[in-house]
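Scroll down for the structure; my scribbles are underneath it.
Nothing in this text is a laboratory measurement; each read-out follows from the coordinates by a stated rule. Keep in mind that this is a model prediction, so the values were computed, not measured. Here Cβ is always computed from backbone atoms with ideal geometry, including for glycine, and neighbour counts include all displayed protein chains.
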C-alpha cells in the first residue's frame, strides 16, 4: 500500500466530498435531539461532578453515555452519535460535520468487524477517536490531507475495553475518545504532522482490515438504532420480548411469584456485552441478561428507576434473576441483532408461556414512531421536549454548556 492509498486518506476524501441528502439530514437531526436528550436526563447523575473538570467534548460525551440510552449503529456495534455529536458541538460544527464523522465511524467500524468487538474492544472508543477527529476537523474547515493527519493523530487514543462495562469507566472512555478527536483536529489545524499510514497499521494490529473504497451514500449505512430502554443494546430485544410475555401473562392471570424458571435462548454473540449475571449495582444491571428478565417482568416500564442500585437489589428482583437460564446457541455472529431471542416462562402449575422476537422497537428496520420519540424525550425530563423544540446545532452547544458547566472555566479550546 502506498502513502496515497491509505484508509485515512480515502476516508478523509469521502468525508470532505460527502453532500447530505434529505435522509441524511433527517438522521442527523434525530441524532442531535436524541443525544442531547439522554445527556440532559443525566443532569443529576453522580458522574456529573466527577466529569466536570473534563474538556467540553469529553464531559458532554460521558454524560450522554452514562445512562446507556444513546443510539447505536448495529453493523459496527458502535454508539456513533455519543462520540460525534459532542465533538461537533465542541468544535462549533453542524449537521455536515456530524454526518462526516458518523460516516467515517460507520466505515471504520465495518473495517474493524465483529471480531474486534467480540475480542473485547469497546468499538465505540476505538473507531470513535479517529471519527471524532474527522467530525471536529470538518467543523474546523480542514481539507482532506489535514483530516487524514487528524485521524493519524487520534490513533494513540483509539482504545477502550469491555471490562469497563458496568462502571463509570465505560462512559468516561467514550468521553476520552470524543475529546481525543477534537484535540487531534485542533493539532492538525495548527500544523502538526503525522503519517496517515498509522491508521492502517493500527487497524491491522487490532484485527481490522484496511479499505480504501466505501459506499458514497448514505452517510450512515444501515441507519441508527434508537434505544427504548436505558441499558445495553443487547438487552433491548429480550426486554421487548419479555414485555410481550408480560402482557400475555396478565391476560392469563399468571403471577411472577409463580414462576419456577425463565429460559432465554439466543445466539451466543448477541449477548457478548452482558457481563454481569449477578448484578449488585444499577450500572451492572444495565449489562445483565438475568436482570433484563427481572425488570421486564416486575416493572411497568424498565426506565431510569429500574436501573438504580436500589432497584437492582430489590429482593424480588434478586430472587427472580436467579431463576433465569441463558441458553447461548453457538454459531457465527455479525451483529447484536443476529437471529432472534426466544423466551420460555415456566410456572408452578406446569404451564408455560413463550415469546420470540427478531427486531426490537427502535431498530433501524422498526424505527420509533413520533409518539415513541416524544415519550422517550419526556422520560428524559419534563422540560426536555420543550428544550429540544426546533433545536439547532449552535443552540445545542449552548444548552450543553448550560446543563454541564465546565469546572474552573475549562472548555477544551486550549488545544
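Some observations on this one:
- Candidates 218, 55, 315, ranked by Gaussian network fluctuation over the chain, Cα under 10 Å, top entry: 315
- The chain, helix-only ellipticity at 222 nm - DSSP H runs n ≥ 4, -39,500 (n - 2.57), divided by all residues, nearest 500: -15000 deg cm²/dmol
- Cβ-Cβ FRET estimate between residue 340 and residue 23, R0 fixed at 25 Å, reported to 0.05: 0.35
- Springs join every pair of Cα atoms under 10 Å in this Gaussian network model of the chain, and among 335, 212, 126 the largest mean-square fluctuation is at 212.
- Helix 289-298 and the longest principal axis of the Cα set of the chain meet at an angle near 60°.
- Stokes-Einstein D (µm²/s) once Rh is taken as the Kirkwood radius of the range 67-188 over alpha-carbon pairs, at 37 °C in 0.692 mPa s: 242 µm²/s
- Relative contact order of the chain, defined on C-alpha pairs under 8 angstrom at six or more residues apart (%): 21 percent
- Residue 408 paired with residue 280, simple spin-label distance in nm, labels 7 Å along Cα-to-beta-carbon: 3.4 nm
- Gap separating the Cα centres of the range 277-344 and the range 212-229, nearest whole Å: 28 Å
- Distance histogram in 10 Å bins (all Cα pairs of the range 129-172, percent per bin): 29, 37, 24, 10
- Antiparallel bridges, percent of DSSP beta bridges restricted to the chain (to nearest 5): 70 percent
- Förster radius 25 Å - calculated FRET efficiency between residue 325 and residue 351, Cβ distance, rounded to 0.05: 0.90
- DSSP assigns beta bridges within the range 233-357; of those with both partners inside it, close to 65 percent run antiparallel.
- Rg(Cα)/(2.2 N^0.38 Å) for the range 289-380, N = residue count: 1.28
- Computed across the range 233-357, the Kirkwood hydrodynamic radius from all distinct Cα-Cα pairs reaches 14.4 Å.
- Compared with the alpha-carbon gap, the fully stretched path from residue 212 to residue 301 is longer by 27.5 nm at 0.36 nm per residue.
- Reported to the nearest whole Å, the Cα centre-to-centre distance from the range 95-130 to the range 43-65 is 22.
- Over the chain: Rg over Rh, Cα atoms, Kirkwood Rh: 0.99
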